[in-house]
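Here the structure is laid out as C-alpha cells; the discussion comes afterwards.
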Amino acid sequence: MNGKSLSAPTKKKAGKLQRQTKPTKKYETPKKELEISSLKKRHKIFYDELPGLLRTIDTDGNIIDCNSEYANTFGYSKKELIGKSVFSFVADEGRQAFQDSFDTWLKTGRVKNKPVWFKKKDGTKFLGLVSASNLYDENGKMIGSNTLIKDITEIHETKSKLEESQQKLQDQVRQLEKANTLLVDAEQKYENLYNKTPTLLRTITIEGILTDCNDSYAKALGYTKEEAIGASIFDHAAERSMKDMRDNFERWKENHETEPAEIWLKRKDGSVFPSMLSGTSLYDERGKLIGRTLALTDMTEIYEARNKLAVHEKHLQQQLAQLQKSNDLLTITEKRYRTLYEKTPVLLRTITTEGILTDCNEAYARALGYTKEEAIGMSFYDHTAKSSVEDLKNNLEQWKKTNEVPLKEIWMKRKDGSIFPSLLSGASIFDEYGNVIGRTVALTDMTEIYEARRQLEEKEARIREQYDELKKIDTSKEEFTSMISHELKTPLTPIMGWCQALKSPKILGELSSKQLQALDAIETNAIKLKELVSDMLDAQKLDMKRMKFDNKDVDVTEMMNFLAQNLQSTMVPKHIEFVNSTTEKLTLKSDRSRLEQVLNNIILNAVDFTSAQTGKIEIRAESKDSAVLFMVKDNGIGIPKDKQSHLFTQFYQLDTSATRKHGGSGLGLSICKGIVEALGGEIWVESDTGKGSDFYFTIPKQKKIQLTVEEKTNF
Amino acid sequence: MKVLGIDDNADINLLLGTVLTASGHEFTSATDGKEGIKLIKQNAYDVVLLDLAMPEFSGFDVLEALRKDGLIEKHKIVLLTASSITDEEINELLKTGVRSYLRKPLDIEVFVERVEQVHRGQ
C-alpha cells in the first residue's frame, strides 16, 4: 500500500518522475562533467520544487540539503536546517524506530519503508513515510542519501479510521453472527418449546384457522398434527364455550389482546375438557395483525382438583355451618338451661356427691330464706328438717348406688328454722368419663299441695261421711220398704183370706147380701192396699236398680190376645169397648210378666179416665224398625200438654175428680217408665185435654238386658 | 191329709186351719220355728207350711236345721212368704228340696189347691 500511495502522485507527474530517476542513475555515473553542471542546475530546480519533503543527508545523519517544502513544512529556514541532524526532526515516539531504520540503512544501504513520526519546529507532529536513494562517491562508497518524506498523516488517519470502522464492521458482523446464532438457537429453542411443551399451543390466522399447533395440542384433542392444522378453532371448541370463544376471538381482533379465558375444548371423539386460554398476537413486518399463538392449558386436572376443592370446601362449610349451628344451639340450650335454672319457680339445687351445694337458683335461696351466696357451699342437710334427714341420707346413698335420684318427699328447713314439705326429684351430673360428680335436684314446694291434699282428704272424708249416711238412709229406706211390705202384707193375708173364706158358703156358712156387700168393700180396699205395697216395692227395686228381668222369648201376639181376653171383664162395669188390633206375628226377647205389668197398668189407667158407655180402648203391637211398638189408645178425658212432662214421675197425679176417685199409689206410670227403660225402650204419651190419650212404648227386639249390678261407689 | 202350719201370726194359722179343715184336712200349727221342728220330729205330716219371716227362729233356720238332718225332701215343705224375698232366692230354696211356695197375701182357693197338689206329689 505504501508503494502504491507513493507511486500515485509520481504517475501524475510522470515526465518529471522519470527524469528524476534518470539523473539518479547519472549520479551513479558522474563521469560526464558537462552534463553534470546543467544537470545540477536542473536538478536543483527539480530538487527545490519537487513536491514532497526532500532532504539530503550524509552518513552521519546531518542534513546537507533540503527543498523548500521540507523547510516550510518543518518551520525552519533552509539555512537553519543545513547541518542539522535528522534526528532532531524525529518525534520522541519515532526515535527508536528511526534509529533502527538509520542503523539498518548504514549497514545495508536500504531504507525501511516505514512511517515515522516527525516533529516540526512548532512541536506539531506528523507521520511520514521515508524513502531514500543513496549517494555514493566515486569509489562507490555510500556518502549519503536523498530522502523523501511523504506526509501520510492523513492516510494514516484515514487508515486508522478505516481500520477502526473495519473493526467495527467486524464487530458488527461478529455480533450479527452471534445474534444469528442466538436467533437460530432461539428459533430452535422456540421450535422445541412450541412442539415439546406440555402446554397446548396453536397458531391461528385472523380467520381462526390453525396454521400450526404443537404435538401436545394435537394429542390432547385426539388429532394428528396434520389433521389439526387447517381446522377452525371453532371445530375444537365445546358447544358450551362457543360463545365465550367467539367473544374472545372478536375482542382479540379488535384490540389485538388475548384475554385469558376458560374455554372448554372438544376432542375428535366429541368429549370435552376445560382449558385456560392465553396467547400472543403475531404481526407481519408492517405491523399488521396476522394471527396469534395461543397457549391452552389443559384444566381437566385443575378442574377436578377445583371440583374436589369445591366439594371439600362445601363439606367444610357445611361442617362449619353445622358446627356453628350446634354451637349456637348449645349456646341457646345453655342459655335456656341457665334461664330455666334461674327463672323456674321450682327450687333447684346442684350438689356434689357429698351433698354440698355448688349451685342453686333464686327460687331455692328465697324459699329457704337465704341469699344465693349464703346457700351455695352449705350442706344440703342444713336445709333439711330433722324428720327428713334420715330419708335424705337414704336417698343420697341410693343415688350413689344407682345414679338415679329417687322421688322422695322431704321436709325442708328454712334459715329461720321453719319447715315445709317438698317433693325431691332430680338428675345426675356426669363428668366426661361418665362418673357421677353431682346431681341437680328439683324441690317442689309441697306446702300448697299438702294443704290442698289435706283439704281434699277432708272433703273426701266429708263426702264419705255423707255417702255413708246416704247409704245408711238408703239401706234403712230399703229396710223400711222391706219391712213395710212384710208388715203390711202379713196383716193383709188374714184380712183378704178371711174375706174370701167368709164369701165361701161351704167354709163358714151363708151371709146376707148386706154382709156380702160390706165384705166386698173390705176386700176391694185390701186389694188396693196390696197393690200399693207391690208398687212401692217395684218402685224401690227400680230405684235401686235391683229389679230383675227375664230375657226369654216372648210371643207378643199371643200376649196381646191374652191381655185382651183377661182384661175384658174389667171393661164390663163401664161398658168400655176394648179392642186388640194387633195383626202382625211378633216375638221379642224380653220379660213377659213385666211387659204385662206395664200394659196392665196403662190399660187400667185408661179404664179409669174413660167414660162409661162411650169409652173405647184399643191396644196394638206392631213392628217398628228394630223394636216392637206397643200402643194403648183411649178416647178418654186426655191430658193437658203442660202436665204431660210430669206424667211419668213418681207420686205425680193429675188433680181431677177421676183421679180422686181412682186413688192409686201415684207410682204406676213411673214404674212403667222404669221397666220400659230397663228393658231398653222408650215410653211417651200423645194426648190433649178432651182428645183422649195415646200411650206408646217401644221394646227392642234384641236387647241385652242390663243385669242389675249393685251400685259401687269407691272413695 | 195332715198339715203342719208354722207361722208366728196366729190369725193366719187360724185362717189356714179353718180353710183346710173345711176342705177335710187335719191341721196343726206352731207359732215359732223351734216348736215347728219339734212337732215335725214328733209327728208325721203330709205337708208342712213354713213362714220364712219369723222372729228369733226363722223359717230359714228351720230349713237349715232340717237340711242338716236330711229331712227337707221327706217333709213336702211349702213356703209362705210376705217378705221381699226374690225369685232367685226362692229358686235356690226350691233346689234344696222345698216343694213349692206361695206369696202372701194368699188367695185361699189357690192355696188349698196348691197344698193338695203338693200332697199328691205334683
Checklist line | Contacts under 8 angstrom Cβ, first residue in region A:155-166 being over 14 Å from A:Phe126 (Cα atoms) and in a helix (DSSP H, G or I), partner modelled with pLDDT of 70 or more and among the charged types (D, E, K, R), 6 or more apart | finding: none
Check: Do we find a residue being outside any helix (DSSP H, G or I) and at pLDDT below 85 anywhere in region A:219-233?
Finding: no
Notebook entry, point to check: What single numbered condition from (1) within 14 Å of chain A (Cβ to nearest Cβ); (2) more than 13 Å from the chain's Cα centre (by Cα) fails to hold for B:Asp7?
Noted result: (2)
Next item on the list: Inspect region A:592-604 for any residue being farther than 17 Å from A:Gly681 by Cβ and touching a helix residue (DSSP H, G or I) at 6+ places or on another chain (Cβ under 9 Å) and give the result as yes or no.
Entry: yes
Margin query: Tell me yes or no: at least one residue of region B:37-49 is closer than 17 Å to B:Arg120 by Cα, within 14 Å of chain A (Cβ to nearest Cβ), in contact (Cβ under 8 Å) with a residue 40 or more places away in the chain and not basic (Lys, Arg).
Written below: yes
Check: Just wondering, is there one or more residues in region A:81-91 that are out of contact with any helix residue (DSSP H, G or I) (no Cβ under 8 Å at 6 or more places or on another chain) and assigned to a strand (DSSP E or B)?
Finding: yes
Check: So how many residues does region B:69-106 have that are of a type in the set (Asp, Glu) and more than 8 Å from chain A (Cβ to nearest Cβ)?
Finding: 4
Margin query: If a residue must be assigned to a strand (DSSP E or B) and crowded, with 16+ Cβ neighbours inside 10 Å, how many such residues does region A:611-625 contain?
Written below: 6
Check: Would it be correct to say that A:Leu588 is on the phi < 0 side of the Ramachandran plot, surrounded by 20 or more Cβ atoms within 10 Å (Cβ to Cβ) and either in a helix (DSSP H, G or I) or at pLDDT 90 or above (or both)?
Finding: no
Next item on the list: Under 9 Å between Cβ atoms, at least 6 apart or on separate chains: pull out the pairs that start in region A:598-626 with a residue that is on the phi > 0 side of the Ramachandran plot and end on any residue that is among the polar types (S, T, N, Q).
Entry: A:Asp625/A:Thr698
Margin query: I need a count of the residues in region B:37-58 that are of a type in the set (Gly, Ala, Ser) and farther than 13 Å from B:Leu4 by Cβ.
Written below: 2
Checklist line | region A:509-528 residues that are under 16 Å from A:Leu492 (Cβ atoms), paired with ones that are among the aliphatic types (A, V, I, L, M) (beta carbon under 6 Å, 6 or more apart) | finding: A:Leu519/A:Leu502; A:Ala526/A:Leu492; A:Ala526/A:Ile495; A:Ala526/A:Met496
Item checked: Criterion (among the small types (Gly, Ala, Ser), out of contact with any Leu (no Cβ under 8 Å at 6 or more places or on another chain) and in contact (Cβ under 8 Å) with a residue 12 or more places away in the chain) met by exactly one of A:Ser593, A:Ser645 -> A:Ser593
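The values are calculated or read from the model by the stated rules, or taken from the named source; none is laboratory data. These numbers come from a predicted model, not from an experiment. Note: ideal-geometry Cβ built from the backbone for every residue, glycine included; neighbour counts use all protein chains shown.
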